[in-house]
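Below is one structure, written out as structure tokens; the observations come after it.
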Amino acid sequence: MSRSAIERGVDMAAAKDTMGMKAPLVLIVEDEAPLRTLLAYNLESAGFRVVEAENGEEALLLLKETQPDFVLLDWMLPLLSGIEVCRQIRRNPAHRQTPIIMLTARGEEADKLRGLETGADDYLTKPFSPGELIARMRAVLRRAHPRNDPDRLSYHDLSMDLVAYRVKRGGREIHLGPKEFRLLQFLMENQGRVFTRAQLLDHVWGQDIYVEARTVDVHIRRLRQAINAGGAKNLIRTVRAAGYALDAEV
Ligand code: CA
């Protein structure tokens, strides 16, 4: 690299710092070198900074050394599996909230549940487009850094006033039952994150009450009918064999 290129790089980094907009640092954990390189290239093009690990052990070392803002984690890694790496990241208090997206190969549908319950925020099935990956990452980052108005939640043209107990989409007032209201509130507070039916039951209905997982589907259907009335864009993504997310279908 020429000296001027290095200086430009330093200037840019300094400029971003003074503006308080330092680009998020993404730890890419992937054992396939060509895919890792491609991911790094695409993320850097989208304005992220990256650091790369080729296995789980290296990932855990780099996690401590570099304190990344985001982890992209391949499931199928040699020695220490992606799921074990995810578990260890979550066990570390400094990284309990660090967003994690898991990358899985085809045919691992049943394992996705396990990934989400281990603490991953979302997952993508290979092959995926760079655009899809970056859209999912931005959705997870929005959830990680919500705006600081505790009484008001918003997503796209949807807004919730938690004090007045009102929901609006565009200018249209939406009437929700108590469970749908609570369900929407929970999804709005955790935008972009995928939850299994069991997790939604725990958070919205409470752990002590016995309710069938199917009940979640019924209330999601009612919630969708209410917020999507009149042909508005669907904002609740169904994740096959896993659950739901407040996240426009990609
Ligand atoms: Ca792999």
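The values are calculated or read from the model by the stated rules, or taken from the named source; none is laboratory data. The structure presented is a predicted model; accordingly, all values stated were derived computationally and were not measured. Positions of Cβ are generated from backbone atoms using ideal geometry, with glycine treated the same way; all protein chains shown enter the neighbour counts. Side chains are part of the model used for accessible areas, which takes the heavy atoms of the whole protein and leaves out ligands, DNA and RNA. Shrake-Rupley method; radii C 1.70, N 1.55, O 1.52, S 1.80 Å.
Tabulated data for the structure shown
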| item | result |
| --- | --- |
| Boolean, residue 52 is assigned to a helix (DSSP H, G or I) and more than 19 Å from residue 190 (Cα to Cα) | no |
| Unmet requirement for residue 57, which otherwise passes all of (1) open to solvent by 70 Å² or more (accessible area, probe 1.4 Å); (2) more than 16 Å from the ligand (Cβ to nearest atom) | (2) |
| Subset of region 62-81 (residues that are in a loop (DSSP other than H, G, I, E, B) and more than 16 Å from the ligand (Cβ to nearest atom)) | 67, 68, 69 |
| Residue list for region 164-180, restricted to those being open to solvent by less than 60 Å² (accessible area, probe 1.4 Å) and closer than 13 Å to residue 220 by Cβ | 176, 177, 180 |
| Long-range neighbours under 9 Å by Cβ, at least six apart or interchain, first residue in contact (Cβ under 8 Å) with a residue 12 or more places away in the chain within region 148-177, second in a loop (DSSP other than H, G, I, E, B) and of a type in the set (Val, Ile, Thr) | 151/163 |
| Residue 84 vs. criteria outside any loop (DSSP other than H, G, I, E, B), within 16 Å of the ligand (Cβ to nearest atom), more than 19 Å from residue 136 (Cα to Cα) and open to solvent by 10 Å² or more (accessible area, probe 1.4 Å) | yes |
